[in-house]
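This report refers to the structure that appears directly beneath it.
No value in this document is a laboratory result; all are computed from the given coordinates. Everything numeric here is computed off the predicted structure, so don't read it as measured data. Cβ: placed from backbone, ideal geometry, glycine included. Neighbour counts: every protein chain shown.
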Amino acid sequence: MESTHMWSEIKTQLEHEIEPDTYQEIFSSIDSIYEVKNNFIYLIVANDFIKRRVEMLYLKKMNRLLETYVEEKHEFRLITETQVNEKMKAKFEYDEGEIDSEEGYQSNLITSYTFDNFVIGNSNRLSYTSALKVADQPGIVANPLYIFGDVGLGKTHLMHAIGNYILEGNIHSKVLYLKADQFVEDYVRHANRKKYVEFTHLYANIDVLLVDDIQFLSKKEKSQEEFFKLFEKLYQQQKQIVISSDRKATDLKDIMARLTSRFAWGVNVDINRPELDHRIKILEKKLNAETSDQDLVPKKVLEYIASVFDNNVRELEGALKRVLFYCTAFNLEFTIKNAEMALENLVRPKANHRDFMKDKINRVMSVVAEYYKISVSDLISKKRTRNYLYPRQMAMYLVKHLYDVPFKRIGDYFNGRDHSTVMHSVEKIYNDQTIDSNVKIDVEKLSIKCGESD
């Protein structure tokens with residue numbers, strides 16, 4: 001359906017649902033669409049007052065109504081008449097060689113990666129909050145923002161979310177997302193032809209620079225020099241820089257010290273592997289995106305998938321897609337048994353890892369039991385007196401601290417205890433060692449003993 005006609009029909013529905021005076025005051029004059037771009041439909045409103053009022057009170061309702069008219073997800077966004085005039089003026093004032101034209105400038109953003117569809121948990125709450133603050137006040141709150149963590153945990157999603165959020169608020173912002181190896185390729189291609197000026201133009205007038213996988217600059221000395229120049233220029237102009245990596249800035253190898261030191265100037269935040277409850281929420285969100293039937297896959301099947309795939313979000317979502325495809329293709333019910341069949345080839349290599357991890361956990365139990373002069377059977381028993389409870393909590397903490405095993409799986413090893421019990425135990429020891437030197441000493445001694453056979 002043509003977008004103008006679609007908006008006309010949605011306006012008709014709003015007219016029936018909103019007070020007549022309010023509709024007349026706000027919506028009667030919203031007739032023009034500025035553009036449809038990156039899955040956003042930009043409606044022109046008279047001024048900032050109406051824009052803020054619609055965004056605060058009616059935008060969610062408008063987007064819900066829009067869902068019934070489009071197959072691919074779209075959302076309404078608002079732009080004032082003043083902003084339209086400014087944007088048209090900017091087009092006429094475009095200077096060839098700068099990257100602010102519609103033809104020459106590409107943000108490279110994935111529009112589906114937003115803060116709204118990022119699932120928050122304990123493992124990523126700090127990074128999410130930091131990213132949102134940066135997006136809300138670019139160049140002011142944390143510059144640069146350095147996000148690090150293992151592959152597939154959501155770093156790239158957050159970077160795109162920052163860019164999309166900034167563009168949402170100001171479509172004139174020049175946001176550029178790229179991977180570090182793309183920067184290297186651009187430099188090498190231009191350097192081979194001695195077109196250094198053209199290379200500089202590629203990154204001229206950027207307002208927000210989002211660089212993924214900065215570790216790929218390793219050993220690329222010339223590219224590092226160019227990136228250093230770009231970083232210095234943007235930083236001095238208070239332009240926002242966001243960098244991601246698979247490791248802390250201090251752990252980057254073969255990257256010049258003056259670069260890594262600048263990465264530490266702003267805020268460094270990490271993303272860890274999601275816990276079981278968090279993984280289930282991620283699957284529920286993914287299921288909601290994949291199908292309109294939220295009850296299609298029972299909760300127990302999602303719990304099974306989440307219990308098996310605990311390494312990263314990408315792997316987790318891939319497992320759900322595989323189950324959806326398998327059961328749909330063969331017209332099977334969504335049961336744990338069918339999920340196991342769908343994931344059989346993926347789960348088998350993980351089982352070998354589990355056997356290896358079981359040996360590690362058994363060693364922790366033996367070391368802790370010997371240290372506190374109790375038996376392993378007492379350690380995992382239901383006895384709750386302090387001479388058993390404290391060692392048990394310590395053992396759970398060490399398993400989590402040393403090997404980052406999911407809470408639910410730790411509970412399984414400790415006589416089927418609930419994951420919340422394990423979580424409480426881990427938190428208790430973590431907190432106790434900060435205020436009790438004896439607990440801290442126990443943790444240090446036992447950590448060394450448990451790792452002696454590694």
Subject >> Under Karplus coefficients 6.51, -1.76 and 1.60, residue-wise ³J(HN,Hα) of the range 138-150 in Hz, glycine/proline x >> reply: x, x, 10, 6, 8, 9, x, 9, 10, 10, 9, x, 5
Subject >> 424, 172, 74 arranged by Cβ crowding within 10 Å, fewest neighbours leading >> reply: 172, 424, 74
Subject >> DSSP-defined beta bridges in the chain - what % are antiparallel, rounded to 5 >> reply: 15 percent
Original post:
Angle between the Cα long axis of helix 155-169 and the longest principal axis of the chain, 0 to 90 degrees, nearest 10?
Top reply: 30 degrees
Original post:
Helix 313-329 sits at what angle to the longest principal axis of the chain, using alpha carbons and giving 0 to 90 degrees rounded to 10?
Top reply: 80 degrees
Subject >> Sites matching trypsin sites (Lys or Arg not before Pro) across the range 239-334 that sit in DSSP coil, with at most 16 neighbouring C-beta atoms within 10 Å >> reply: 247, 248, 253
**OP:** Grab the beta carbon distance between residue 311 and residue 221, set R0 = 30 Å, and tell me the FRET efficiency rounded to 0.05.
**Re:** 0.35
Original post:
Where does the chain land at 222 nm, in deg cm²/dmol rounded to the nearest 500, when only DSSP H runs of n ≥ 4 count, each adding -39500 (n - 2.57), divided by all residues?
Top reply: -18000 deg cm²/dmol
Original post:
Non-local amide H neighbours of residue 32 (under 5 Å, H modeled in plane, Pro and chain starts lacking H): which ones?
Top reply: 44
Original post:
In which sequence would 77, 384 go, from the one with the fewest C-beta neighbours within 10 Å to the one with the most?
Top reply: 384, 77
Original post:
So how far apart, in nm, are the two label points at residue 421 and residue 182 if each is 7 Å from Cα heading toward Cβ?
Top reply: 5.0 nm
Original post:
So for 280, 271, 374, fewest C-beta neighbours within 10 Å to most, what's the order?
Top reply: 374, 280, 271
**OP:** Please label the shape of the range 3-92 as rounded, prolate or oblate, based on the square roots a ≥ b ≥ c of the eigenvalues of the alpha-carbon gyration tensor (a/c under 1.5 means rounded; beyond that, a/b larger than b/c means prolate, else oblate).
**Re:** oblate
**OP:** Work out, in µm²/s and without decimals, the Stokes-Einstein translational diffusion coefficient of the chain at 37 °C, 0.692 mPa s, Rh from Kirkwood over C-alpha pairs.
**Re:** 127 µm²/s
Subject >> the chain: relative contact order as a whole-number percent, Cα under 8 Å and 6+ apart >> reply: 11 percent
**OP:** Taking the chain as the reference, fit the longest principal axis to its C-alpha atoms, fit the long axis of helix 386-403 to the helix C-alpha atoms, and give the angle between the two in degrees, 0 to 90, nearest 10.
**Re:** 50 degrees
Original post:
What length, rounded to one decimal in nm, is gained on full extension from residue 87 through to residue 21, with 0.36 nm per residue of separation minus their alpha-carbon distance?
Top reply: 20.6 nm
